[in-house]
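The structure appears below as structure tokens.
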Amino acid sequence: MGFRWSAVRAGIKASGKPDLAVAVCDSPAAAAVSYTSNQVVAAPILVGRRHLAATGGKVSAVLVNSGNANCATGELGIEACHRSCVAVADALGCVFDEILPSSTGIIGVPLPVEKLVAALPEAIATLGREPENAEAFATAILTTDTRIKVAQESLTLEGRTVHLFGCAKGAGMIGPQLIPAIPAAAQTPHATMLVYLFTDLGASSGQLATMLGPAVASSFNSTSIDGDMSTNDTVMLLASGGSGVQAEGAAVAAFQAALQRVCQTLAYKIVDDGEGVTHVITLEISGAANHADALAIARTIAASPLCKTAWSSADPNWGRLLAAAGRAGVAFDPAQVLISIGGLPVFEGGQRSVAFDEAATHAAMSRREFTIAIRIGDGPGKSRFITCDLTHEYVSINADYST
């Protein structure tokens, strides 16, 4: 594919688990990146934006640390980020602007950059292009996750094989609303969504950005565990060009479809591994005036503590769904709304459905996965949104995270 990966223990995590991951491109790769739209952003995002602008979207390596977000750490955080990028660049013989940094962990704690720099020689020495190297990278980026999250596809285009590999982390503080990073242009509980996508397709940064935007919109931006947007959310797509296939003609649509599938798979795995999650819910909103209205309703329901706690006990309290939709800032006539849970009707014609079967609906909601479909009118707007329940375990994990 044109990439090598490694992971080592730098001593940033108190657990002693791997916490430093490196991905190196055989030659500078084209990159497209989407970052959090939070007004408060971590040092690696500030530095990453500068580097993308300076290089026109060329990347030689990605450096990720877990266990520390390097956010709200002032100028020292920027300096730590800069120092780590310089160390990687010196080891690889490239300019430091070609290094993209990422961090995930607790907010407001200075990054022990000396540990990171000290661990880099081992990380560089153990780089490899085998599946186990990529898996080690995917493991070292985890925080409260319980398992790695990977997805991949291979496409035959123009008689040659194009590969796409993605890995992600995230289990809490997941309510991403990512926006593109365009080249040329007191402690709190953390977590963060980080996604790294690697392909050997030949493409410019602009072409990658054009393909990444829709894929992010229909996947990561259509998920929520707790509705909290991180300061560090990052989705990065790197293209080495090693396959010899260029992003032209039919190859664009084929790769776009594969990219969307990989992103949707990773997005689902993030929610499925959410902190304390016992139910994964697909919200299917339709009949809105436009897609933005449908998404607003889905996101409001997904972030509602009342809806999420009802899901945790399989309580078919459809009134909470209707109330959440009604405060989403979207105009609709409640008398036209249809709601079903697990394929079973619960609300229609402005009142409880005559076919509502509480016991059957409870049984449907008792499954690990179920769908809630809400049609609010006759418009073309729709949204498919993946979310989850809110449990006692989530509260326990986040009540004492920093201690």
query: What about residue 36, is it within 25 Å of residue 263 (Cβ to Cβ) and at pLDDT 95 or above?
result: no
- request: Kindly establish whether residue 47 is farther than 26 Å from residue 247 by Cβ and among the aliphatic types (A, V, I, L, M).
  value: yes
query: When you go through 114, 132, 153 one by one, which is the residue that is charged (D, E, K, R) and in contact with a strand residue (DSSP E or B) (Cβ under 7 Å, 6 or more places away or on another chain)?
result: 153
statement: Among strands (runs of 3 or more DSSP E) completely within region 134-239, the ones holding 3 or more residues that are buried (at least 22 other Cβ atoms within 10 Å of the Cβ) and of a type in the set (A, V, I, L, M, F, W, C) are 160-169, 194-199, 234-239
- prompt: Has region 299-306 got any residue that is surrounded by 19 or more Cβ atoms within 10 Å (Cβ to Cβ) and farther than 30 Å from residue 391 by Cα?
  reply: no
task: From the list 369, 393, pick out the single residue that is under 27 Å from residue 268 (Cβ atoms), among the acidic types (Asp, Glu) and modelled with pLDDT under 95.
output: 393
- prompt: Looking at this structure, is residue 12 of a type in the set (Val, Ile, Thr), under 26 Å from residue 74 (Cα atoms) and under 22 Å from the mean Cα position of the chain (by Cα)?
  reply: no
- prompt: Has region 62-73 got at least one residue that is at pLDDT 95 or above, surrounded by fewer than 21 Cβ atoms within 10 Å (Cβ to Cβ) and of a type outside the set (Asp, Glu)?
  reply: yes
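The rows are residues; the columns are (1) more than 18 Å from residue 205 (Cβ to Cβ); (2) surrounded by 24 or more Cβ atoms within 10 Å (Cβ to Cβ).
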{"residue": "3", "(1), (2)": "no, yes"}
{"residue": "15", "(1), (2)": "yes, no"}
{"residue": "80", "(1), (2)": "yes, yes"}
{"residue": "85", "(1), (2)": "yes, no"}
task: Output the residue which, of all residues in region 358-393 that are in a loop (DSSP other than H, G, I, E, B) and farther than 12 Å from residue 288 by Cα, is farthest from the chain's Cα centre (by Cα).
output: 366
field: Filter result for residue 64 (within 13 Å of residue 141 (Cβ to Cβ) and among the β-branched types (Val, Ile, Thr))
entry: yes
- prompt: Name the residues in region 302-338 that are in a helix (DSSP H, G or I), closer than 24 Å to residue 174 by Cβ and either modelled with pLDDT under 95 or small (Gly, Ala, Ser) (or both), would you?
  reply: 302, 310, 312, 323, 324, 325
query: Can you name the condition, by its number, that residue 37 falls short on among (1) small (Gly, Ala, Ser); (2) surrounded by 19 or more Cβ atoms within 10 Å (Cβ to Cβ); (3) in contact with a strand residue (DSSP E or B) (Cβ under 6 Å, 6 or more places away or on another chain)?
result: (2)
message: Being touching a His at 6+ places or on another chain (Cβ under 7 Å), among the hydrophobic types (A, V, I, L, M, F, W, C) and in the same structural domain as residue 143 (by TED's automatic domain parsing) narrows it down to one residue among 88, 47, 59; which is it?
response: 47
message: I'd like to know if region 106-115 contains one or more residues that are outside any loop (DSSP other than H, G, I, E, B), hydrophobic (A, V, I, L, M, F, W, C), out of contact with any His (no Cβ under 6 Å at 6 or more places or on another chain) and at pLDDT 95 or above.
response: yes
statement: Taking region 240-283 and keeping residues acidic (Asp, Glu), out of contact with any Gly (no Cβ under 6 Å at 6 or more places or on another chain) and part of a loop (DSSP other than H, G, I, E, B) leaves 248, 273
message: I'd like the full set of residues that are buried (at least 19 other Cβ atoms within 10 Å of the Cβ) and out of contact with any Ser or Thr (no Cβ under 8 Å at 6 or more places or on another chain), limited to region 242-258.
response: 242, 245, 251, 258
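The values are calculated or read from the model by the stated rules, or taken from the named source; none is laboratory data. This is a predicted model, so every value here is computed, not measured. A quick note on method: Cβ atoms are made from the backbone with ideal geometry, for glycine too, and the neighbour counts reach across all protein chains shown.
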